[in-house]
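Report on the following structure.
The numbers here are math on the coordinates, done by the rules we state, and not lab data. This is a predicted model, so every value here is computed, not measured. Heads up, the Cβs are rebuilt from the backbone with ideal geometry, glycines too, and the neighbour counts pull from every protein chain shown.
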Amino acid sequence: MSEKGMFGIQGSGDTSGFGGLVNTTATIGSTERPFGGYFDQVADDLERAYPLFSDAIEKVVVDRGELTLFVKRDRLFDVAKILRDQLRFEMCISVSGVHYPSEIGRELHSVYSLLSITRNQRIRLEVCVSEKDPHLPSLVEVWAGTNWHERETYDMFGIIFDNHPGLTRILMPDDWSGFPQRKDYPLGGIEIEYKGATIPAPSERRSYK
Amino acid sequence: MSTFTDPYASSQETTEGRVYSVTGGDWDALVTEIGATKEERVVLNMGPQHPSTHGVLRLILELEGETITETRCGIGYLHTGIEKNTEFRNWTQGVTFVTRMDYLSPIFNETAYCLGVEKLLGITNDVTERATVIRVMMMEFNRISSHMVALGTGALELGALSPMIFAFREREKVLDIFELLSGLRMNMAYIRPGGLAQDLPDDALSKIKATVKDLRHSFKDNEKLLVGNSIFMKRTQGIGYLDLAGCTTLGITGPVLRATGLAWDLRKAQPYCGYENYEFDIPTTDSCDVYGRFLIRMQELEQSLRIIEQCVLKLEKLEGQPVMVADKKIAWPSQLSVGADGMGNSLNHIREIMGESMEALIHHFKLVTEGFRVPAGQVYTAIESPRGELGAHLVSDGGTRPYRVHFRDPSFNNLQSTAAMCEGGQISDVIAAVASIDPVMGGVDR
């Protein structure tokens, strides 16, 4: 996938440098043991507590001093429960989405930041699903605090969290169509309708482009 | 059945039964009609424009008399798409956007973001000590100004007007310091990837010392008004109860968590910006209620002052050290200075790049128009904001613009506890409970 330009700038005449800018997405490969720090201990404990470890974890990435476990979506709920109950990750601090349109079949990533107060440790879970089948198990049963975070991720990326107690839009209006944080969704570009009057999209309001 | 033609008060038949909408109009006529039915359930919309709901927060309360049986929050009224916008600007410009999220703690937003960018760039250890100490000092000043709003408006919402006057008086002094240092009172974009926008002005330290002394003295005014005040205690003690188990499952951090007796503060637990080198305490209570949270905020003011004093001592020794990384490929090129009209480009710097150094001009041009490239990867950096854990999840694809910026805002998360705190209580307790969460809707909706 490549992205080009800002505000629809095309051809020459643009000296900002943004016009010819091409973005390509890069991914980081998996890490081999030893992971360093407490990460080996977390992986060991999880392997001991969860016999299906090798089947559930797609890859382990240690980058910039942070541990990311890529979990298969079918196993996410089990892994989360074991992390909470046996590895003492009491808090799911945040759920965030990322959209990688270039990763065919795993375009949408859901990223969970977990915190253990008891062990004073942080890890990250990442789950990949496709745009065509954007279903994930909801973790509200494990950590009630993921409720709004999952609603936000649904609102912005269209990831559907199965068994969520009330998966509705949270930041955008209820009747909004489209998922604004996806990469193919424009910045601006949406006409604003208010009480019958229509205001052109922000990107259309200027005479210059 | 409906005899209304009033647009502000009408009733209609729905699948849930007859619904009466009251937003004004003829009260007597409405009461007569409602009196004819046996339904007692009232759903009350408090907000989004209610003065006591802390910004544009909509609370949907289901009532039985004065008792709340169910509460839900409606948010999103202040959603401005900041996270999406940052994907269309370079990494340095991102600071200008994220500072506007939680508008009461702009310095914290900037710091969380910049620590993340620096971690992605791998330059965390290259940031000079002077820049880090100034960051800490600014954050602690910001903690004071933010807590002042929490305490002042919190008390105001409970009907106590004087604390608000005093709190905003103190806040003004802190904002004056911000203006002196950065040229702006809020949304400063002062902290930049690699360091700071500019160094302290010459007279800064002496003014900071005077302000610290002044603040320590005048904080007592509010303390005398609120601590031990029997009316205030009756409105806040045992109200908005949330214990440790509730906090952990809901992911609650900050003063709400510390009011359960757990001394969890990222400044101590997972130090960043050299917080391990400062002496300060973490105030806690174990009352789990609104009053306990107020007390914690009040005690944190003194701890922030202690940290600022230590910062001043350190800064006196670090005189002359740069406040930006040495790498000219990353350091924001413009040399800003505070003028009569705020922060702007230093004329000396413009003279140099336009007249003397071609290289400086090229760097300036490349960095300002295109920005620096950040190696691909993702990081999550968390800091202790006045409201709890503020986290920045940053993803880079190797380009000059962020691939994804997500802020884990403590207000967004903590507001989820409204139902747990309010259900079963009275309407008036909702105001106290929400005030004790101290949500800032700019941060909630981003």
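If you wrap a convex hull around the alpha carbons of region B:210-263, what volume per residue comes out, as a whole number of Å³? Mind dumping the intermediate values first?
On the way: hull volume 5.7 nm³, N = 54.
Here the figure is 105 Å³ per residue.
With N set to the number of residues, divide the alpha-carbon radius of gyration of region B:50-197 by 2.2 N^0.38 Å and report two decimals.
Numbers: Rg = 18.6 Å, N = 148, 2.2 N^0.38 = 14.7 Å.
Ratio of Rg to 2.2 N^0.38 Å for region B:50-197: 1.27.
The phi torsions of region A:34-42, fed into the Karplus equation with coefficients 6.51, -1.76 and 1.60 and a -60° offset, translate into couplings of x, 7, x, x, 8, 5, 4, 5, 4 Hz, rounded to whole numbers, with Gly and Pro shown as x.
Counting only DSSP beta bridges with both residues in the protein assembly as shown, the antiparallel share comes to about 90 percent. In chain B, the calculated helix contribution to ellipticity at 222 nm averages -14000 deg cm²/dmol per residue, counting -39,500 (n - 2.57) for every DSSP H run with n ≥ 4. Counting other Cβ atoms within 10 Å, keep those with at most 11, restrict to DSSP loop, and tell me which GluC sites (Glu not before Pro) in region A:117-209 are left. In loop regions of region A:117-209 (DSSP not H, G, I, E or B), the sparsely surrounded GluC sites (Glu not before Pro) are A:191. The calculated FRET efficiency for the pair residue B:362 and residue B:209, based on their C-beta separation and a Förster distance of 60 Å, comes to about 0.90. Once the Cα atoms are used to define both axes, helix B:290-317 deviates from the longest principal axis of chain B by about 10 degrees. Each Cα pair under 8 Å and six or more residues apart adds its separation to the average, and for chain B the resulting relative contact order is 24 percent.
Roughly what percent of Cα-Cα pairs across region A:30-204 reach past 20 Å? Please report the intermediate quantities before stating the final value.
Working: 8510 of 15225 pairs.
Here the long-distance tail beyond 20 Å is 56 percent of all Cα pairs in region A:30-204.
Less than 5 angstrom separates the built amide H of residue B:44 from those of B:61, B:62, B:63, all sequence-distant by 5 or more or on a different chain. For the protein assembly as shown, the convex hull spanned by the alpha carbon atoms encloses 182 Å³ per residue.
Within a straight-line Cα-Cα reach of under 26 Å, residue B:317 can be paired with the following lysines, leaving aside sequence neighbours fewer than 8 residues apart in one chain: B:173, B:207, B:209, B:213, B:268, B:328. Shape analysis of chain B yields a ratio of the Cα radius of gyration to the Kirkwood radius, Rg/Rh, of 1.04. Mind pulling the angle between the C-alpha long axis of helix B:358-369 and the longest principal axis of chain B? Nearest 10 degrees, somewhere in 0 to 90. Rounded to the nearest ten degrees, it is 20. By the rule of a C-alpha distance below 17 Å, with chain neighbours fewer than 8 residues away ignored, the lysines paired with residue B:84 are A:4, A:183.
Under 5 Å between amide hydrogens, built in the peptide plane, is the criterion, and for residue B:389 it picks out B:253, B:254 among residues at least 5 positions away or on other chains. Basic side chains Lys and Arg get +1 at the Cβ, acidic Asp and Glu get -1 at the Cβ, and with that the dipole of chain B about its Cα centre reaches some 1020 debye. For region B:313-379, the calculated P(r), taken from all Cα-Cα distances in 5 Å bins from zero up to the bin holding the longest distance, is 3, 14, 18, 21, 19, 13, 9, 4, 0 percent. Annotation for residue B:28 and residue A:169: the two label points, set 7 Å from Cα along the Cα-Cβ direction, are 4.3 nm apart. Take every pair of alpha-carbon atoms less than 8 Å apart whose residues are at least six positions apart; their mean separation over the length of region A:57-209 yields a relative contact order of 17 percent.
Positive end of the dipole of the protein assembly as shown, charges at C-beta (+1 Lys, Arg; -1 Asp, Glu), about the Cα centre: which of A:108, B:299, B:363 has its Cα farthest in that direction? The Cα lying farthest towards the positive end belongs to B:363.
Using Cα atoms only, what is the angle between the long axis of helix B:129-157 and the major principal axis of chain B, expressed in degrees (0 to 90) to the nearest 10? Helix B:129-157 sits at roughly 20 degrees to that axis. In region B:259-389, the alpha-carbon atoms span a convex hull of 188 Å³ per residue.
Write down the percent of antiparallel bridges among all DSSP beta bridges whose residues are both part of region A:30-204, to the nearest 5.
Working: 26 of 32 bridges.
Just about 80 percent of them are antiparallel.
Candidate cross-link partners of residue B:329 among the lysines, defined by an alpha-carbon separation under 18 Å and a same-chain spacing of 8 or more, comprise B:119, B:366.
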